[in-house]
Amino acid sequence: MPQVFGKLPTTRQPWISLGNVDHIEKHDRGVILTCGTAKLKLTILAANLVRVQLAPQGEFLPRRSWAVNRPDEEWEQVPFELEENEIRTSQIRVVIQRSPCRIQWFDQSGQPFAHDTDMGWRMGQIACWKRIETEEHFYGFGERAGLLDKRSEVKTNWTKDALDYDAIDDEMYQAIPFFITLRPQLTYGIFLNITHLSQFDLGASEPGIWRMQAQSQELDYYVIHGDAPAQILETYTALTGRMPLPPKWALGYHQCRWSYETAEVVQQIAHEFRSRKIPCDVIHFDIDYMNGYRVFTWSPKRFPDPAKLIQQLKQEGFKTVTIVDPGVKYEPDGDYLPYHEGLAKDCFVRNADGSLVYGYVWPDKAVFPDFLRAEVRQWWGEWQRTLTEVGVEGIWNDMNEPALTDRPFGDEGVHIPFPMDAPQGNPGEGGTHAETHNLYGYNMARASAEGLRQLRDQRSFVLTRSGFAGIQRWSAVWTGDNQSLWEHLEMSLPMLMNLGLSGVSFVGSDIGGFAGNATGELFARWMQIGMFYPLMRGHSSLTTAQHEPWVFGERVEAICREYIELRYQLLPYLYTLFWQSSQTGAPILRPLLYEYPNDSKTYHLHDQLLLGSYLMAAPVYRPGVECRAVYLPEGTWFDWWTGEKYEGNQHILAHAPLERMPMYVKAGAIIPMQPVMQYVDEHPIAQLKVRIYPGVGEFTLYEDDGRSLNPDYRTTTFQVNDTIVKIQPSHAVRDRTMLVKMVGVGEQSVSEDGSAKQLNFHSHT
Ligand code: MIG
């Protein structure tokens, strides 16, 4: 097989198109169609979820669905009707066209979607073509540069170190072969369950047709129908898994740099945060904490006593996260144990001929664990003890696409891929690197998460650069090496929203930009919208100027402080959104189309963001700009800062001097808030402040200890109808009162004795 670098190899071979249906045979969850030598299998897993598999030679290979969290047998059997050429569930109708064999899909009102126009195969490739309907738009696709809607573009699924990426780039660090299409009243999702190199062409070659193609023997994809994107994501994450609730501290502000290179520098950074009263929870240690970039070591010179340092940080309320790269230094002569033990236990990837695979990366010549094997993940996870035993509470996985070069690191090496035929996984359970490349980062993150779970009897934080569909089960994701440019600030918005539409909720981009030098103005604007990022981390590269909140002078520092403080005030709301996401897969950061899928004005809106369904930001992402257009969808909206009321379905011009990021709240919004703290749970909350906006709405606040794996929790359900508020708590809360503020109307203090309450706000109060 030729080596591929993310582009599908071109072949002149013509496609062999799937022929006529010879016969239809029922199985307990659907049908198998025989078409000459080929077989097409439809499996009904839910009323809105159907799996489609095409085996050109008529034999379905045992599928290694590494990313699928719920295999077919585990779905509850759903009723469906089968009549000659038609399958009906309570939500969709699937029509089998017999000559040639094509599948057509309809919703209950008879609207078509996902109609096959062709299906076929040729030398090692498989593909399916479907019709694009008028007004159809395409979202998701994991982590992608560019704007929100991907129609007319080509999206390749192949993880790669997307160093210096730009709007025009295709493949990036994550490969998530999933998308959602949307048009008024109809939305559906496609999950291509293939880990091999694959590609979506969304009308680029043929305007009215989209194509999925993979370097695989067999086609395997799921069609998910929904009445709105929310239902698609709920089903998609039932299939690929959901984010477990992270530790609450991970929702605080994270400070990172490549690198805070000595213990003294780290202490100084921590000291600056506390003395300047800028809230911060986490400090990340980049590669220079290690001894010569050997994973699971500490530099004796720079960090002579990590346990003591981390303990001091802990006392000041900081958590420590360390970077861990996959490349293990190849060091046959030394006594570097991760190498020797890994070799003795045969943990590293080997070539087809049995020799070790190696490449050059930070520690220079390095070997790579085969994370596809459970025992290797276990071994690696256990090595993290060297970090957790000195107090590390989170792991940051980098370079796991995997990124490597072909000669000593730092030379002008070319990036070489792993040998595509290197076997990974245990015999019978694994595949070649060509098949499992996209899973490398995914399984490394999995090893980190599983290991931390065993080592620490509480929730930990894992952050990964690379991943595949389902990565949300194991890790948060950041968008790699962005640049300190206004264009990258802007691009982070659709990038993070599309990740959210791909099931990955805990996401962030490096605030201030990783590469290059931010101006104070750029940094301030970035920090403002960074407050909305589910993962709020500032980071900067080795050769850039410092990028901490205070380095740009007092004015920018004050802005950073204000928005980070607002982040901490919003934590009860934000933490509840994380909980919702862990239950339903709903994104935390959402494009407006998620909430208003029938409003086509939202379809290209890449520069307005919703945190949950209530709070909207319209950030400024150009220098010198002090006002911007804001679209308010249907309903009534309030200005977050002034309380001014607007009717929706219109554009307004927002005033946005540097101190102000325009923010709006929907009528009926319920936003529980807490006092500013310097770090999460610095002290118990004496008063919970609940901001409510007159209208109709409901919100269930979720609270727990923020750290236990199976915590006791309490919920408080708020319902607002005009200016009447009903409160239904699950438990009493000791030593806390609640101040309920009906914005523009009045406020009332309420005891939290556990009883249900009804509050009436009258305009004269
Ligand atoms: O070759 O660890 O994206 O966040 O600071 C660069 C050093 C390796 C790339 C990551 C970046 C990190 C940097 N890493």
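Looking at Gly480, Gly441, which is the one that is surrounded by fewer than 24 Cβ atoms within 10 Å (Cβ to Cβ) and within 16 Å of the ligand (Cβ to nearest atom)?
Unique residue meeting the criteria: Gly480.
Here's the yes/no breakdown for (1) under 19 Å from the mean Cα position of the chain (by Cα); (2) basic (Lys, Arg):
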position: Pro402; (1), (2): yes, no
position: Arg407; (1), (2): no, yes
position: Gly410; (1), (2): no, no
position: Glu429; (1), (2): no, no
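Return yes when Asp161 is in contact (Cβ under 8 Å) with a residue 40 or more places away in the chain, outside the structural domain of Tyr440 (by TED's automatic domain parsing) and closer than 30 Å to Trp486 by Cβ and no when it is not.
Here the answer is yes, as Asp161 does meet what is asked.
Evaluate the following for Ser600: is it open to solvent by 20 Å² or more (accessible area, probe 1.4 Å), hydroxyl-bearing (Ser, Thr, Tyr) and modelled with pLDDT of 95 or more?
Answer is yes for this residue.
Being in contact with a Cys (Cβ under 9 Å, 6 or more places away or on another chain) and either in the same structural domain as Tyr594 (by TED's automatic domain parsing) or within 16 Å of the ligand (Cβ to nearest atom) (or both) is the requirement here; does Gly513 meet it?
no
Condition first: under 23 Å from Cys560 (Cβ atoms) and within 16 Å of the ligand (Cβ to nearest atom). Now tell me which residues in the range 262-296 satisfy that.
Answer for the range 262-296, where residues must be under 23 Å from Cys560 (Cβ atoms) and within 16 Å of the ligand (Cβ to nearest atom): Val265, Val266, Ile269, Val282, Ile283, His284, Phe285, Asp286.
Considering Tyr573, Tyr596, which residue is outside the structural domain of Glu634 (by TED's automatic domain parsing) and among the aromatic types (Phe, Trp, Tyr)?
Going through Tyr573, Tyr596 in turn, just one is outside the structural domain of Glu634 (by TED's automatic domain parsing) and among the aromatic types (Phe, Trp, Tyr): Tyr573.
Out of (1) touching a strand residue (DSSP E or B) at 6+ places or on another chain (Cβ under 6 Å); (2) within 16 Å of Trp579 (Cα to Cα), the odd one out for His731 is which?
(2)
Enumerate the strands (runs of 3 or more DSSP E) found wholly within the range 707-750, keeping only those where 1 or more residues are among the small types (Gly, Ala, Ser) and in contact with a helix residue (DSSP H, G or I) (Cβ under 6 Å, 6 or more places away or on another chain).
Where strands (runs of 3 or more DSSP E) fall fully within the range 707-750, none carries at least 1 residues being among the small types (Gly, Ala, Ser) and in contact with a helix residue (DSSP H, G or I) (Cβ under 6 Å, 6 or more places away or on another chain).
Would you confirm, using the coordinates I've provided, whether Lys301 is free of Cβ contacts under 8 Å to residues at least 60 places away in the same chain, of a type in the set (Lys, Arg) and within 16 Å of the ligand (Cβ to nearest atom)?
no
Would you tally the residues in the range 612-649 being out of contact with any Lys or Arg (no Cβ under 8 Å at 6 or more places or on another chain) and either open to solvent by 50 Å² or more (accessible area, probe 1.4 Å) or basic (Lys, Arg) (or both)?
13
Just to be sure before I move on: is Asp116 open to solvent by 10 Å² or more (accessible area, probe 1.4 Å), under 17 Å from Leu496 (Cα atoms), modelled with pLDDT of 95 or more and not aliphatic (A, V, I, L, M) in the structure I sent?
no
Could you check, for the range 416-424, whether at least one of its residues is touching a residue at least 40 places away in the same chain (Cβ under 8 Å), in contact with a Leu (Cβ under 9 Å, 6 or more places away or on another chain), more than 16 Å from the ligand (Cβ to nearest atom) and closer than 18 Å to Arg64 by Cα?
yes
Pick from the range 456-477 the residues that are among the hydrophobic types (A, V, I, L, M, F, W, C) and in a strand (DSSP E or B): which of them is farthest from the ligand (Cβ to nearest atom)?
Here the answer is Phe468.
Yes or no, residue by residue, for (1) in a helix (DSSP H, G or I); (2) open to solvent by less than 40 Å² (accessible area, probe 1.4 Å):
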position: Arg302; (1), (2): no, no
position: Leu313; (1), (2): yes, yes
position: Val321; (1), (2): no, yes
position: Pro338; (1), (2): yes, yes
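Just wondering, is there one or more residues in the range 650-667 that are under 28 Å from the mean Cα position of the chain (by Cα), more than 30 Å from Arg456 (Cβ to Cβ) and surrounded by fewer than 16 Cβ atoms within 10 Å (Cβ to Cβ)?
Checked the range 650-667: no residue is under 28 Å from the mean Cα position of the chain (by Cα), more than 30 Å from Arg456 (Cβ to Cβ) and surrounded by fewer than 16 Cβ atoms within 10 Å (Cβ to Cβ).
The values are calculated or read from the model by the stated rules, or taken from the named source; none is laboratory data. These figures come from a predicted structure and were not determined experimentally. Every residue, glycine as well, gets a Cβ built from its backbone with ideal geometry; the counts of neighbours run over all protein chains shown. Note: areas computed on protein heavy atoms with side chains; ligands, DNA, RNA excluded. Shrake-Rupley method; radii C 1.70, N 1.55, O 1.52, S 1.80 Å.
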